[in-house]
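Let me begin by presenting the structure, written as structure tokens, before commenting on it.
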Amino acid sequence: MRILILGGTQFVGRHFVEAAVARGHELTLFNRGSKPAPAGVAHQVVGDRNTDLARLAGRDFDAVLDTSAYVPRQVAEAAAALEGAVGAYLLVSTISVYADQLQAGLTEDSALLRLDDPSTEEVDGATYGGLKVLCEAALARVFPPERRLTVRPGIVVGPYDPTDRFTYWPARVAHGGQVLAPAGPELALQWIDGRDLADFMLGALERGVSGTYNAVSEAGRFRLGDVLAAAKRISGSSATITWVSEEFLLEHEVVPFGDLPFWLPGAAGNMFKVDSERATAAGLRARSLEETVADTLAWQAERGDPALKVGLSAEREAELLELWRQR
């Protein structure tokens, strides 16, 4: 297949490129050129999608993968420019599109968010999901159902992850010492490894799949205790885990998901119980926890074990552990 990728050099797009090159597809990347194209890419068109879509004129593709749209104007403009030049349009959306994020078992047919100001282009925690809803709608106005594919990933993890959200836990355990962990070992987690997401999207394009899919692992399959145990085994760490109650963490103003990634207290944790049956039936497969943990640790080591963007500092963690002991 001849596939155009809007983006393609950072995380999800990079995994998609690697998978597509390995399977013999001809790829064209359209991005600002701030990072070199991955090996095996046939063509790279340098440009900003906000101003330079005309640079794609005269080119035809079997499909386009859009990994970099955050506001509906971007999708509307790209869809209009490419409607006659591509067979299928795959938009990467998010499970944050759903109106009731406290509900367990959200399906692709669950109610969607509505923004108070649909004209905004300010992307932040309050608007991200609603803007993605509008991105999906913008695509639907141009591409008919049989030519559009909308994928709604959950938290994407594994090598190349620029957010460090999952990386925090294996890396923290590998560093040893006493590790503060929230709630308890049964804390339910849900994610999708970036490589599994890429494989699913590429396979769907190859088979001509259309529709909308929650791209997440099976609800209930992964738990925080299993992540930490796997990190200990794989890294050979002698770390000890101290499980701290949610009440204590909230009392001491520990920030859910920021200070302790993947911890969402109470009903907010239902974000990790999204229904994935439709995607599973369409070919989504989630690799083992052990493989994701091992490869994340290897990638963290390859990049020099840098300080992470999220998580507790060593000083704050020690302070909280001492307060927990003294309670």
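The values are calculated or read from the model by the stated rules, or taken from the named source; none is laboratory data. Please read all numbers here as calculations on a predicted model, not as lab measurements. Heads up, the Cβs are rebuilt from the backbone with ideal geometry, glycines too, and the neighbour counts pull from every protein chain shown. Areas reflect the complete protein model, heavy atoms only, side chains present, ligands, DNA and RNA absent. Shrake-Rupley method; radii C 1.70, N 1.55, O 1.52, S 1.80 Å.
A few points about this structure:
- All strands (runs of 3 or more DSSP E) inside the range 16-71 with 1 or more residues being acidic (Asp, Glu): 26-31, 61-66
- Matching option when the condition is touching a residue at least 40 places away in the same chain (Cβ under 8 Å), touching a Cys at 6+ places or on another chain (Cβ under 7 Å), hydrophobic (A, V, I, L, M, F, W, C) and in a strand (DSSP E or B), among Leu91, Leu149: Leu91
- One residue from Ala88, Ala171, Ala76 being closer than 30 Å to Ala188 by Cα and surrounded by fewer than 23 Cβ atoms within 10 Å (Cβ to Cβ): Ala171
- Test set (1) open to solvent by 20 Å² or more (accessible area, probe 1.4 Å); (2) under 28 Å from Ser96 (Cα atoms); (3) not hydroxyl-bearing (Ser, Thr, Tyr) - Phe272 fails condition number: (1)
- A Cβ distance below 8 Å, combined with a sequence gap of six or more or placement on separate chains, defines the contacts here; from the range 311-324, residues that are closer than 19 Å to Arg165 by Cβ and hydrophobic (A, V, I, L, M, F, W, C) reach residues that are outside any helix (DSSP H, G or I) and open to solvent by less than 60 Å² (accessible area, probe 1.4 Å) in the pairs Leu312/Leu180; Leu312/Val254; Leu312/Asp259; Leu312/Leu260.
- Looking across Thr212, Thr163, one residue alone is open to solvent by 30 Å² or more (accessible area, probe 1.4 Å), of a type in the set (S, T, N, Q), in contact (Cβ under 8 Å) with a residue 40 or more places away in the chain and assigned to a loop (DSSP other than H, G, I, E, B). It is Thr163.
- Checking each residue in the range 215-249 for being open to solvent by less than 60 Å² (accessible area, probe 1.4 Å), among the small types (Gly, Ala, Ser) and over 30 Å from Leu65 (Cα atoms) picks out Gly225, Ala229, Ala230, Ala231, Ser235, Ser237, Ala239, Ser245.
- Taken over the range 174-190, the criterion of being open to solvent by 10 Å² or more (accessible area, probe 1.4 Å) and closer than 15 Å to Ala314 by Cα is satisfied by Ala174, His175, Gly176, Gly177, Gln178.
- Against the list (1) within 30 Å of Met1 (Cα to Cα); (2) touching a helix residue (DSSP H, G or I) at 6+ places or on another chain (Cβ under 9 Å); (3) surrounded by fewer than 22 Cβ atoms within 10 Å (Cβ to Cβ); (4) among the acidic types (Asp, Glu), the condition Asp193 fails is (3).
- Filter pass, Thr280 being under 18 Å from the mean Cα position of the chain (by Cα), open to solvent by 60 Å² or more (accessible area, probe 1.4 Å) and either farther than 21 Å from Glu108 by Cβ or not aromatic (Phe, Trp, Tyr) (or both): yes
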